[in-house]
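The values are calculated or read from the model by the stated rules, or taken from the named source; none is laboratory data. From a predicted model like this one, the values you see are computed outputs, not experimental measurements. Note: ideal-geometry Cβ built from the backbone for every residue, glycine included; neighbour counts use all protein chains shown.
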Amino acid sequence: MKYAFFPGCSLESTAWDYDKSTRAVCKALGIEITDVPDWVCCGSSPAHASNASLSLALPALNLHKAQTAGYSEVLTACASCYARLRTANHAIRKDPTERERAQRIIEKPYAGAVNVRHILDILFNDYGVAEIEKRITTPLKGLRVASYYGCLLSRPKEVVAFDDAEHPVCMDKLVKVAGAEPVDWPFKTECCGASLSISKTSVVNRLGYKLLSMAHRAGVECIVVACSLCQLNLDFRQADAKKDQADIPEIPVVYITQLLGLALGIPPKDLGLDALMVSAASILDRRAATAGQAGRRA
Amino acid sequence: MNDTLEWTDNALLREVERRSGASVSACFQCHKCSSGCPIAPDMDLLSSQIMRLIHLGEKETVLESEAIWACASCEACTARCPMGIDIAAVMDTLRMMAVERKAALGDRRTSSFNKAFLSSVRWHGRVFELGMMTLYKLISRDLFSDVDKVPRMLAKHKLTFLPHFSRSTKEVRLVFNRAEEEEKKR
């Protein structure tokens, strides 16, 4: 399995742990990833809210780079990059006017040949839970986990389309294969406020508290995410979101690649767990306990 | 908003439909978009009200609203609209029109953030967080928010002092210039 990897800007900074854990999990599973040469920002929310041509052209430029490097599939971990690359690609494939516009701007003949895939899609649909299961060495037994998909992996369904838009399950199944217990909860695809994090922090904190308190009511010990903005808003802003609200305990918010990596026996430092604002010590204790039991059995 | 609104002309409706590709005229006010909108409590106008105001040609009310900047682009409205209207795309179009017309923006912080973010991409090819945040603070005059969090971000290596340059920066600047020319044609 070979993919061109599009890390995106947040994986170079605020979400470096997502980058590290994605690379570690791919390596452990034998999924070969190579960075798109000289990739540039996908434009993210600011481009599509400011200049439609730019939000079409920046993804097209990157996908053309991947195509030139000989790849037919581009893998992203960031949900925002995924949505932007995929939305632009969809328009380029479907609408000749948009295709011509993109080609005029990037001055390259890109016509939508590259497929854009998300790490969840690759792990679940290409690699498959059965194959992952064979490689699990330290299952996270009994850990109750809420899978939080957010917006960008779920909508619009015509564009993203690798799971159900209102009730996705692929991440829950990956949680289960890691030995943990996926908990059903109603806010799987609710919004965290995403890029309003900086300009409208109070909105993000209100939504963050709503999500955290619902996860707590569902009885979870941690939330697992596959988006760098969801992680930032729920982890980095957790203390502020809970301020002035009814008290709930600290809930670690980890990337699916970090959770899966732990179950695959990858050392925590290789998964960037030290980058979390809310410590994941409780998850590590759980792993130590199962590893201990396994040791005693042996 | 207490005055009775009268239909003026359909110039606004036509422009929004053309630029967003969304059939705003198909809206029959079921309010499903507003019911599922996570940001509704923070909006001065609900998304369904925006749709109706576009029908009525109420350009200033729409373009000067807080709501178009409060929208988080989560696309729950688009996913659930029974008429298949891409409401999130309408919000994008309204933001662009508001900036182009230099409308009295309901909230400058989000447009300032967008401007700072895209300047960073234009300059480095990728986002350089520390530089982008400094520029955002200068243009939005929102100087002090989150400053207390910088030490922890640095301790966790989530911010870097130097930008990550892509080797495609020249190409990116040309793409920005041509994209801006393309937008003028719309």
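Looking at the stretch B:75-186, what helices (runs of 4 or more DSSP H) fall wholly within it and have at least 3 residues that are assigned by TED's automatic domain parsing to the domain that holds B:THR61 and β-branched (Val, Ile, Thr)?
Ranges flagged: B:87-100.
Out of the stretch A:1-12, which residues are within 12 Å of another protein chain (Cβ to nearest Cβ) and either at positive phi or not aromatic (Phe, Trp, Tyr) (or both)?
Across the stretch A:1-12, the qualifying residues are A:PRO7, A:GLY8, A:CYS9, A:SER10, A:LEU11, A:GLU12.
Is it true that some residue in the stretch A:272-281 is at pLDDT 95 or above, within 30 Å of B:ILE39 (Cβ to Cβ) and among the β-branched types (Val, Ile, Thr)?
Checked against the condition, which is being at pLDDT 95 or above, within 30 Å of B:ILE39 (Cβ to Cβ) and among the β-branched types (Val, Ile, Thr), the stretch A:272-281 yields at least one hit.
Is it the case that the stretch A:157-164 has a residue that's modelled with pLDDT under 95, more than 14 Å from chain B (Cβ to nearest Cβ) and either within 16 Å of the chain's Cα centre (by Cα) or part of a helix (DSSP H, G or I) (or both)?
Yes: the stretch A:157-164 contains one or more residues that are modelled with pLDDT under 95, more than 14 Å from chain B (Cβ to nearest Cβ) and either within 16 Å of the chain's Cα centre (by Cα) or part of a helix (DSSP H, G or I) (or both).
Enumerate the pairs (first residue in the stretch A:13-36 and away from chain B (no Cβ under 14 Å); second residue anywhere and basic (Lys, Arg)) with beta-carbon separation below 8 Å, excluding pairs fewer than 6 apart on the same chain, so at least 6 apart or on different chains.
Sorted first by the residue in the stretch A:13-36, then by its partner, the pairs are A:ALA28/A:ARG135; A:LEU29/A:ARG135; A:GLU32/A:LYS2; A:ILE33/A:LYS2; A:ILE33/A:ARG23; A:THR34/A:LYS2.
Would you pick out the residues in the stretch B:135-170 that are hydroxyl-bearing (Ser, Thr, Tyr), over 24 Å from A:LEU276 (Cα atoms) and free of Cβ contacts under 8 Å to residues at least 40 places away in the same chain?
Residues satisfying the conditions are B:TYR136, B:SER140.
Hey, can you tell me all the residues within the stretch A:181-204 that are hydrophobic (A, V, I, L, M, F, W, C), touching an Asp or Glu at 6+ places or on another chain (Cβ under 9 Å) and more than 14 Å from chain B (Cβ to nearest Cβ)?
A:VAL183, the sole residue that qualifies.
Exactly one of (1) surrounded by fewer than 23 Cβ atoms within 10 Å (Cβ to Cβ); (2) away from chain B (no Cβ under 11 Å); (3) closer than 23 Å to A:LEU11 by Cα is unmet by A:ALA263. Its number?
Failed condition: (1).
What helices (runs of 4 or more DSSP H) completely inside the stretch A:54-138 contain at least 1 residues that are within 25 Å of A:THR14 (Cβ to Cβ) and among the polar types (S, T, N, Q)?
By residue number, A:79-94.
Sort out which residues of the stretch B:142-171 are β-branched (Val, Ile, Thr) and either at the interface with chain A (Cβ under 8 Å from one of its Cβ atoms) or surrounded by 13 or more Cβ atoms within 10 Å (Cβ to Cβ) (or both), and write them in order of number.
Of everything in the stretch B:142-171, those that are β-branched (Val, Ile, Thr) and either at the interface with chain A (Cβ under 8 Å from one of its Cβ atoms) or surrounded by 13 or more Cβ atoms within 10 Å (Cβ to Cβ) (or both) turn out to be B:VAL150, B:THR160, B:THR169.
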